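**Student:** Here it is, the structure in full.
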Amino acid sequence: MYDLLKGLRVVEGSAFVAGPTCGLYLAQLGAEVIRFDNIGGGPDFRRWPLSEGGESLYWEGLNKSKKSIAIDLSRPQGRELAARLAAAPGDEGGVFVTNFPVEGFLSYEKLSTLRPDLICARVMGWADGGPAVDYTVNSAVGVPMLNGFPEEPRPVNNVLPAWDLLTGAYAAFALVSALHARQRDGKGREIRIPLSDIAATTMANLGYLAESLGGQDRQRMGNDLFGAFGRDFLLKGGRRIMLVAITPRQWKGLIQVLEIEAPVAALEAELGVSFAADEGLRFDHRVRLFPIFEAAFARKTLEDLKPSFDQEGVCWGPYQPMSAAAEDPRLIKGNPVFSDATHPSGRTYPTAGFAGTVPQDERRPASGAARLGEHTDEVLAQVLKLSAGEIAKLHDAGVVAGPEGR
């Protein structure tokens with residue numbers, strides 16, 4: 001947690017991954033992020049994985065460091081409150097993150113009548129307004145056709161929601177950019193960010209589009225690294241690692257550690273190539289190279305290799321479950337990015353803060369997620385300037401609720 005955005009107020013009306021991720025990143029940089037949900041929780045409030053008590057670990061992971069207000073969005077008065085909150089006054093306000101539809105009570109057209117300089121990042125599925133999630137967009141851009149092994153005919157989905165995560169980060173970047181522009185010209189802006197456009201442009205940026213337009217879709221190749229040398233290998237003792245050698249230094253260090261200079265040199269002489277000079281050649285001839293490496297790895301344990309790998313700058317990573325990653329000091333245990341925090345589930349566990357590090361600034365510990373509706377009264381009083389009596393009437397009418405629906 002850092003204070004780079006301290007003073008900025010962001011209102012979030014969203015669910016699932018992309019919108020909440022945007023709000024999370026802004027909160028981790030010090031913005032006050034106020035998330036509104038339906039009383040009883042939105043569509044992602046009970047999403048798996050769940051704690052032993054049935055609380056969503058997913059929800060509290062994406063909504064930590066935010067304030068929570070619960071509103072009955074099915075009622076006109078509740079929808080009016082949400083719109084007023086999104087467009088609330090203040091030089092550091094008027095910043096809204098949502099995945100509500102383009103049309104409706106949270107349309108930019110309606111919100112901008114309340115605040116013309118409103119900045120809104122609207123996460124969408126398809127650019128035409130059609131519904132989509134990461135899985136359906138991912139299938140459409142062809143990534144599942146690239147995953148898996150050649151002999152497996154079925155497409156293989158990604159467990160990681162890459163387009164959601166990229167969209168959330170892109171939305172945060174876009175909001176801060178639009179806010180910078182507003183400081184210059186005073187204009188409000190809506191930025192529509194469809195998952196489909198994030199996926200399509202990313203695939204184009206990485207060269208997949210141009211490659212396919214050249215007449216050849218890339219074929220699946222299991223765990224082989226396209227265009228360079230990389231694959232999973234089984235070590236003596238049963239451990240499996242992912243190994244990558246892209247640079248000449250990585251390649252040289254790898255064959256030295258494995259003591260396979262002679263068979264590699266013999267293969268180079270036979271083929272009339274230099275693997276050290278061209279990473280593409282290592283890929284082209286990987287079927288001949290892999291058996292040499294497989295035999296070498298089968299003779300060595302990870303304990304044998306790790307010191308030499310580290311000394312020679314070999315690029316590798318272990319295959320391990322999340323439970324093992326939790327004990328890995330390079331990832332989680334002892335990593336200052338994480339700090340223990342208690343969440344609505346009642347569990348206390350390592351909680352992620354801002355992933356970047358600013359050496360010049362003090363890092364504050366991460367905080368847990370709020371209980372649903374925990375800040376309802378505070379937000380109504382401080383942001384919308386409602387009196388205690390007005391807030392009490394909203395509670396009595398069931399338009400708003402505090403924690404546990406009170």
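**Student:** Look at segment 375-395 and say how many of its residues are under 13 Å from A70 (Cβ atoms) and open to solvent by 20 Å² or more (accessible area, probe 1.4 Å).
**Tutor:** Total meeting the criteria: 4.
**Student:** Need pairs with beta-carbon distance below 6 Å; first residue not assigned by the TED database to the domain that holds N157 and within segment 213-229, second in a loop (DSSP other than H, G, I, E, B); sequence gap 6+ or separate chains.
**Tutor:** R220/G148; R220/P150; G222/F149; A228/I246
**Student:** Do you know which residues across segment 16-68 are within 18 Å of P350 (Cβ to Cβ) and among the basic types (K, R)?
**Tutor:** Correct list: K64 only.
**Student:** Step by step: first the residues of segment 215-245, then only those that are open to solvent by less than 70 Å² (accessible area, probe 1.4 Å) and over 27 Å from the mean Cα position of the chain (by Cα), then the one that is modelled with the lowest pLDDT. Which residue is that? Lay out the reasoning, then the answer.
**Tutor:** Keep residues of segment 215-245 that are open to solvent by less than 70 Å² (accessible area, probe 1.4 Å), which gives 215, 218, 220-225, 227-233, 235, 238, 241-245.
Filter once more, keeping what is over 27 Å from the mean Cα position of the chain (by Cα): 215, 229, 233, 235, 238.
On the way: G215: 88, F229: 96, F233: 98, L235: 97, G238: 95.
Looking at residues that are open to solvent by less than 70 Å² (accessible area, probe 1.4 Å) and over 27 Å from the mean Cα position of the chain (by Cα), I get G215.
**Student:** Please tell me if L372 is under 30 Å from the mean Cα position of the chain (by Cα), open to solvent by 50 Å² or more (accessible area, probe 1.4 Å) and aliphatic (A, V, I, L, M). It would help to see each step written out before you state the result.
**Tutor:** Numbers: under 30 Å from the mean Cα position of the chain (by Cα): yes; open to solvent by 50 Å² or more (accessible area, probe 1.4 Å): no; aliphatic (A, V, I, L, M): yes.
No.
Residue-by-condition table, conditions (1) outside the structural domain of H180 (by the TED database); (2) touching a Lys or Arg at 6+ places or on another chain (Cβ under 6 Å); (3) crowded, with 21+ Cβ neighbours inside 10 Å; (4) more than 18 Å from I191 (Cβ to Cβ):
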position	(1), (2), (3), (4)
E32	no, yes, yes, yes
F45	no, no, no, yes
K67	no, no, yes, yes
A88	no, no, yes, yes
D91	no, no, no, yes
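**Student:** Give the residues of segment 292-339 that are in contact with an Asp or Glu (Cβ under 8 Å, 6 or more places away or on another chain) and assigned to a loop (DSSP other than H, G, I, E, B), sorted by residue number.
**Tutor:** Scanning segment 292-339 gives Y319, Q320, K333.
**Student:** OK, next. Restricting segment 321-344 to residues that are in contact with a helix residue (DSSP H, G or I) (Cβ under 8 Å, 6 or more places away or on another chain) and among the aliphatic types (A, V, I, L, M), which is least open to solvent (accessible area, probe 1.4 Å)?
**Tutor:** The selected residue is I332.
**Student:** While we're looking at this one, here's another question. Just to be sure before I move on: is D128 part of a loop (DSSP other than H, G, I, E, B), open to solvent by 20 Å² or more (accessible area, probe 1.4 Å), without any contact (Cβ under 8 Å) to a residue 12 or more places away in the chain and among the acidic types (D, E) in the structure I sent? Walk me through it before giving the result.
**Tutor:** Working: part of a loop (DSSP other than H, G, I, E, B): yes; open to solvent by 20 Å² or more (accessible area, probe 1.4 Å): yes; without any contact (Cβ under 8 Å) to a residue 12 or more places away in the chain: yes; among the acidic types (D, E): yes.
Criteria met by D128.
The values are calculated or read from the model by the stated rules, or taken from the named source; none is laboratory data. Fair warning: this is a prediction, and the values are worked out from it, not measured in the lab. Every residue, glycine as well, gets a Cβ built from its backbone with ideal geometry; the counts of neighbours run over all protein chains shown. Side chains are part of the model used for accessible areas, which takes the heavy atoms of the whole protein and leaves out ligands, DNA and RNA. Shrake-Rupley method; radii C 1.70, N 1.55, O 1.52, S 1.80 Å.
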